[in-house]
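K.L.:
Questions regarding the structure given below will be posed in turn.
No lab work stands behind these numbers, since they all come straight from the coordinates. No experiment lies behind these values; they were computed from the predicted model shown. All Cβ positions, glycine included, derive from the backbone under ideal geometry; neighbour counts span all protein chains shown.
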C-alpha cells in the first residue's frame, strides 16, 4: 500500500501527517520530540493506533552534545506488541542500524533508485523514498507490502527522519 508522510517545516515542533496514495488524510502523528521522544499514530478522531518511544541512556546524552542520535526507537502496535526496535550503529561514519524485530531478521539498506528499504530474506517489505523540500515541507513516499504491519513501518519512516535529520 502506498502512503505519503508530510512533515511541515514551519511549526513549533515536528509535525507529521500521513496521507494515502491519493493525497487523502488517513492518520495524524502526535507526541513529544524532545529528550525521551515518544510519538504515536492516531486515526482522524484521535484514537491511538501505534506508538514509538525511545530509551535515553548515557550514550544518547553524550550523542546529543556530539550532534549524533544514539537513541533506540521502539515501535509497538496492537496495544503493546513490540514490532521493531532500531538504533543507529556505534560507528559514526556509517548509516548502519541495529534492528530487533518480531517479523524476523530485517535488513535495512538502499535500493538501486536510492530509496531506503527494509528487506527480509531478499524480499522488500517497505520502501521509503524521501522527497526533500516539496511544497510546505519534506515528504516521504512509503510503500508497504500488503501483508505487513502498515502502521509499524509508517512509524519506522518517521523514526528514520528523527535519526537522520535531527542530529539530537
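K.L.:
How do 1-8, 155-162 rank on mean C-beta neighbours within 10 Å, highest first?
P.N.:
155-162, 1-8
K.L.:
Roughly what would the spin-label model give for residue 111 and residue 17, points 7 Å off Cα along C-beta, in nm?
P.N.:
Here the answer is 2.5 nm between the modelled labels.
K.L.:
Tell me the label-point distance for the pair residue 38, residue 85, using the 7 Å Cα-to-Cβ offset, in nm and rounded to one decimal.
P.N.:
1.7
K.L.:
Need the full-extension length gain, residue 135 to residue 96, defined as separation in residues times 0.36 nm minus the C-alpha distance. One decimal, nm. It would help to have the intermediate numbers written out before the result.
P.N.:
Values: separation 39, 0.36 × 39 = 14.04 nm, distance 3.02 nm.
Stretched fully, the residue 135-residue 96 segment lengthens by 11.0 nm.
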